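The values are calculated or read from the model by the stated rules, or taken from the named source; none is laboratory data. Keep in mind that this is a model prediction, so the values were computed, not measured. Using ideal geometry, Cβ is built from the backbone for each residue, glycine included, and neighbour counts are taken over all protein chains shown. Areas reflect the complete protein model, heavy atoms only, side chains present, ligands, DNA and RNA absent. Shrake-Rupley method; radii C 1.70, N 1.55, O 1.52, S 1.80 Å.
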Amino acid sequence: MAFPLDKTTMDTGQKNRHRILVVDDEEGMRGYLAILLRRDGYQVEVASDGQQAVTQLKDQAYDLIISDIKMPRLDGFGVLDYVNERCPGTAIIMITAFSTTEQAVDAMKKGAYDYITKPFKNEEIRLIVENALERIDLRRENQHLKKALGTRFSFSNIIGKSKLMQEVYSLIEKVAASKVNVLITGESGTGKELVAKAIHYNSERRDQPFIAINCGAIPENLLESELFGYEKGAFTGAVQQKQGLFEVADGGTLFLDEIAELPPLMQVKLLRVLQEHEFRRVGGTRNLKVDVRLVAATNKNLDDAVSGGSFREDLFYRLNVIQIGLPPLRECREDIPLLVEHFLEKLCKAETMQVPDGVMRRLLDYNWPGNIRELENTIERCLVLGRGGSICESCLPAHIAGSCEGFSEARFLLPDGGFDLDAHLGAIEKEILLQALERTGGIRKRAAELLGITFRSIRYRLAKFGIEVEGDD
């Protein structure tokens, strides 16, 4: 039997770690699939029937099995039963030339990942294999997180001893034991995803998937299929059914970061899922039930978004059952030494490295508009630029190194002929305003906080000097 094999060559660097077993009593089909998948970079072995497959499975682990259903000695359902009992980490795709609804339903009920009938196109089998292996990798990643990182997200390992952080710990502990939806708020870099993981890994769902998605990072026309999946033929290019993240997260937690960026149509669809605990894939006609805990996060004020009409009020109340507000680092300065120690240990395994007083003083005096993420990046920079991996003031960024240069320490000499004080002070004020805007990316509210003034005050000062800021913050 001859099959057409195209010359498409995929990136083998990422695929060659996956092992696939092809089981079929037809030699031509075995050879065809083996050549096709090997060209794509997979490690492929073959078996002539179910009995030989079981023998090989006793000695070798495989990521994926592609098995015919109708075979002598032991058929595909026998292989499926063995895999379910002895190889729980292995996915299996069933192939048959005898397409019946009963076989398809039986295979899926018994735990097969997917089902395909002969004849099929190269791209069709490639896509099914790729999706199956992606699901396996995702499952293994979650298992690794549970084993290797389980304690990382315990309360004792979220860094901070300040009163504000103690309040956060208390909320996490109470929320983790419940099933309610949670809204995490806070500026960028305050650790919202870390808190979401702490909630998940300290809950009864810890053994189930934790799935995260940034709502602002995916184009609107792709977001629906990413969240809810799609049926085969739902749109051009949908050659195979795909699970959405709600299905993948079933029994676990789905973390929706930057929830304020969710488009209006998706807000309606998300609201229905929260109300009914069911959804439809794109192009589907039946409702799918899911048990997913939703944790959302935003660095924007959702109350303002609701008032402005860009966010649905009913969805806001569904998400905001319990709100955990993360404080900015400038309000928890007593936590900075602990965080520095943590980052030093994390980045260079230096448990006893001493940070000079001058460096620590500057770190404590700086306002950290980028919060904990900016602090970690600063420590990493210092370790890279410092001699022998040490921390020194010369390695600090200029805007941080000068953060505690008090104006009272500078001595100004008055010219003999005098000068225009108002003009001089005005020039200094304008320069400081421009620097504050530059450091905060043009966000007036953060610039005002950096300078210790109110938002109303900075608007007045910017208008006084004719400084215009693009965008609305």
message = Show the residue pairs meeting these rules: Cβ distance below 7 Å; 6+ apart or different chains; first residue within segment 340-368 and modelled with pLDDT of 85 or more; second residue of a type in the set (D, E, K, R) and open to solvent by less than 60 Å² (accessible area, probe 1.4 Å).
response = Phe343/Glu376; Asn367/Arg330; Trp368/Arg330; Trp368/Glu374
ask   = For segment 176-233, what are the residues that are within 18 Å of the chain's Cα centre (by Cα), more than 25 Å from Phe311 (Cα to Cα) and in a strand (DSSP E or B)?
value = Phe210
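Quick check on Leu33: is it more than 32 Å from the chain's Cα centre (by Cα), under 19 Å from Arg139 (Cβ atoms) and modelled with pLDDT of 90 or more?
No.
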remark   = Sole miss for Gly442 among (1) under 27 Å from Arg381 (Cα atoms); (2) out of contact with any Phe, Trp or Tyr (no Cβ under 7 Å at 6 or more places or on another chain); (3) modelled with pLDDT under 80 is condition (3)
key: Subset of segment 276-323 [part of a helix (DSSP H, G or I), under 21 Å from Ser225 (Cβ atoms) and in contact (Cβ under 8 Å) with a residue 40 or more places away in the chain]   = Leu315
remark   = Of the listed residues (Val295, Val290), the one being closer than 23 Å to Val175 by Cα, among the hydrophobic types (A, V, I, L, M, F, W, C) and at pLDDT 95 or above is Val295
request  = Output the residue which, of all residues in segment 62-110 that are of a type in the set (S, T, N, Q) and under 15 Å from Met29 (Cβ atoms), is modelled with the lowest pLDDT.
outcome  = Thr96
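Just give me the residues in segment 151-167 being assigned to a helix (DSSP H, G or I) and modelled with pLDDT of 80 or more, in sequence order.
Quick first cut of segment 151-167, residues assigned to a helix (DSSP H, G or I) only: 151-153, 155-157, 163-167.
Within segment 151-167, Lys163, Leu164, Met165, Gln166, Glu167 qualify.
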ask   = So, of the residues in segment 175-231 that are touching a residue at least 60 places away in the same chain (Cβ under 8 Å) and of a type in the set (Lys, Arg), which turns out to be most open to solvent (accessible area, probe 1.4 Å)?
value = Lys179
task = Return a yes/no flag: does segment 252-263 have any residue that is part of a loop (DSSP other than H, G, I, E, B) and closer than 27 Å to Met108 by Cβ.
result = yes
note = Per the list (1) farther than 30 Å from Arg30 by Cβ; (2) modelled with pLDDT under 90; (3) of a type outside the set (S, T, N, Q), residue check on Leu127 breaks on (1)
request  = Considering each residue of segment 199-234, count those that are closer than 10 Å to Leu245 by Cβ and acidic (Asp, Glu), and give that number.
outcome  = 1
ask   = Do we find that Ser390 is open to solvent by less than 60 Å² (accessible area, probe 1.4 Å), at pLDDT below 85 and touching a Phe, Trp or Tyr at 6+ places or on another chain (Cβ under 7 Å) in this structure?
value = no
